[in-house]
Amino acid sequence: MPMRSGSRRARAELPLELRHFGWDRALIATARHSSLPWYDAFAPAITLDAVPLAALTSVGDRDRLSLVAQFAAHQSFLQFAGIADGECDPAEWAVAQRRGSDPRLLRIGARAQVDDSPPVLTSIQQFAEAIGAPRLDVLKQSWGRAESVYHEVDARLRGDAAADLRWMRRAACGEVRAPGADALRMLLGATSGRFECSNGVDAIRDAASLGMAPRVVTLGGGSPLQRASALGELIPLIGAIDKKSESEIAERVVAAMSSSRLLFVVPSFDSFDACSRAVVQMLAAIDGAVWLIPGSDLPESRTFLLSTDLAVRRELRISVAAAERFVASPEFADYLDNGELPRDESVSPFASIGEPKRSWIAALALLGTTMPRELASRFLRELFFEEPLETLAIDGVTSAGDSFSFANDAIRDDAARLIPPASRPSLCRIAADLTDGERAAALLIEAGESARAIAILEQCEWSSADETIRALRGLPRPLLAASPGLAKRLADVLLQCGRYRDARELAPLLEDADCELLLARIERRTGDYAPALARLERLAERTFDAQLLLGELLFLEARYDDARVAFSACDQEDERLVYHRAVLANEVGQYVDELPADGYFAARFRVYAANDADDAARHAADAFALASTLTERIDAALDQVFSTFTAGRWNEARSLAMNALSLV
């Protein structure tokens, strides 16, 4: 085999500035592949121990074929990541060589994204010619794919027992890091907002390091027993914080926002102490910063694993660490040849489970993560399965006892994906007939029987506003449009939770009178009293809630006589009506002939009827503790601020004002 001495003599340190790479920083921060120089460690400036492709000499056929395979894998990864590439330019490539292994291909530059990319096979052919690689059969076929090129090279080289093909194999996997390039661009350009992401902190920090803004501040990682321990990254921004109150810390950060665009990352709230939590609540209410909190709104990381069968690749559920182990294993060759899914449970726990057992388990996934044993057995009998349920118990995947359970939600979801699309509607109907409530409705929606699903959901009762939102928020909009009653329930609880924008989106789905009332309630909460009042006055007939809101708005506009008439027209008794009548009488100096019973509204009334500001502040604190919805807490919090300020307790009023703002 030819010696590599020529390459070693030509080797030199190759500096690389990522800002000049050619891709925007969101692509650079989220794309992770062995052909990209920042694969090992991310830094704005990198020095590579490599030579430009043009300086590569005295390299044997085996190494040249490995480089072609790596280039083909790189192109496959770009397609997976949605990155358009231009024609092959040898000046954009370098090679790193180490004794004992194949050379590693490295991309050291790129052009801006192009709209009209050449065929991938054309780019691979150009690269192969540039390095003088042996001819490949697949390159003679115009319909070939990058994965086919990789497969042919792998098949040629795997018979060489002495070959160390670590970089060729490593190129067969990669990762698009959370939250993905599109979402990351949005975060980097945002000036304020609150977003949910399960991971992605590293990509955000890396992208931020390539530009002037934003400044990324991670909050967390402390101890709940140590004051302000989650706020360590604020110290370089505002100085020492150990002797400052929560409101002082928040105020200093707000002042810093005027000169720095900030992106706050909160990986978890679990380790937050009370001080840290209070500061974050205050800051989260201030415009001028972007927040990334735990959740699932933004995309998660996606693992790339090269496959000659795209249908097989779509079935894979694998972490990038597991993919790196797999491509280095002997099983990877079988995977390329036959499309056989890896036996690694981290790829799919069902890959090694044979039929028909896999299909029976997949069907049970429709019933949830855990189900009563009798329900599972009845369902399977409908499918003509007569064996003991224990035969479907797989260690680490499923268990059978008094109930049948999947090990976790992710495994259940993985099992449900195995159901053939043609069979899914009929299986969902059978499962729905054996269940009830929300589960039955979800199955009927999948089966295409929206009318039955609506009828079930309209009878469901949920224990809290959050539960109602969870159950109804994800329903298809056409289904909500077909049920104004469900749309109204969802809008009501969204309003209670202060999600006014979300509630407003549902207004077109409601009956005319309900739509006007919803919009008026939103406008009342946002301080737009005049348009809210106009909406209600236009209604020919008003429900109790509409009439009560009309009286409240007239009171807020100081039209006390009109408010009294509006309250008198309310056609039912309610503690809210008693409260508003009492507040009106107190305001105009009349005798209050009926008081609210004990509870939130009684405490709110005592705020207005208190003889001094200190008494009012105490009753406002009671009302805050008794509030059952976010809107009630906001009203009570504002009462606390006003009464405490009136009492001259300035520091306390400032802190309460920040707390109230965080609620708003």
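The values are calculated or read from the model by the stated rules, or taken from the named source; none is laboratory data. Being a predicted model, the structure only gives us computed values, none of them experimental. Positions of Cβ are generated from backbone atoms using ideal geometry, with glycine treated the same way; all protein chains shown enter the neighbour counts. Heavy atoms of the whole protein, side chains included, go into the accessibility calculation; ligands, DNA and RNA do not. Shrake-Rupley method; radii C 1.70, N 1.55, O 1.52, S 1.80 Å.
Numbers below:
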| item | result |
| --- | --- |
| Dipole magnitude of the chain, debye to nearest 20 (Cβ charges: Lys/Arg +1, Asp/Glu -1, about Cα centre) | 2700 |
| Identified option (computed mean projected area of the Cα convex hull in nm²; candidates (i) 30.5; (ii) 33.1; (iii) 37.7) | (iii) |
| Accessible solvent surface per residue of the chain, calculated while the other protein chains remain in place, 1.4 angstrom probe, Å² | 47 |
| Environment charge of L367, counting only residues whose C-beta is closer than 11 Å and scoring Lys/Arg +1, Asp/Glu -1 | +3 |
| Inter-site label distance for R205 and Y529 at 7 Å from Cα along Cβ, in nm | 5.0 |
| Three-way shape call for the range 445-587 based on the alpha-carbon gyration tensor, with the a/c threshold at 1.5 | prolate |
| With at most 10 other Cβ atoms within 10 Å, longest stretch of the chain clear of loop GluC sites (Glu not before Pro) (DSSP) | 1-385 |
| Förster radius 35 Å - calculated FRET efficiency between S268 and S568, Cβ distance, rounded to 0.05 | 0.05 |
| Backbone HN-Hα couplings from phi across the range 560-568 [Karplus 6.51/-1.76/1.60, Hz, Gly and Pro as x] | 5, 5, 5, 5, 4, 5, 5, 5, 5 |
| Debye, to nearest 20: dipole size of the range 193-280, +1 on Lys, Arg Cβ, -1 on Asp, Glu Cβ | 220 |
| Loop-located chymotrypsin sites (Phe, Trp or Tyr not before Pro) in the range 137-208 whose Cβ has at most 16 other Cβ within 10 Å (DSSP) | W143 |
| Solvent-accessible area, 1.4 Å probe, carbon plus sulfur percent, for the chain | 49 |
| Long-range amide H partners of D297 with built H, under 5 Å | E196, C197 |
| Where trypsin sites (Lys or Arg not before Pro) fall in DSSP loop in the range 541-597, at most 11 other Cβ within 10 Å | none |
| Potential lengthening between D182 and K140 on full extension [0.36 nm per residue; Cα-Cα distance subtracted] | 11.5 nm |
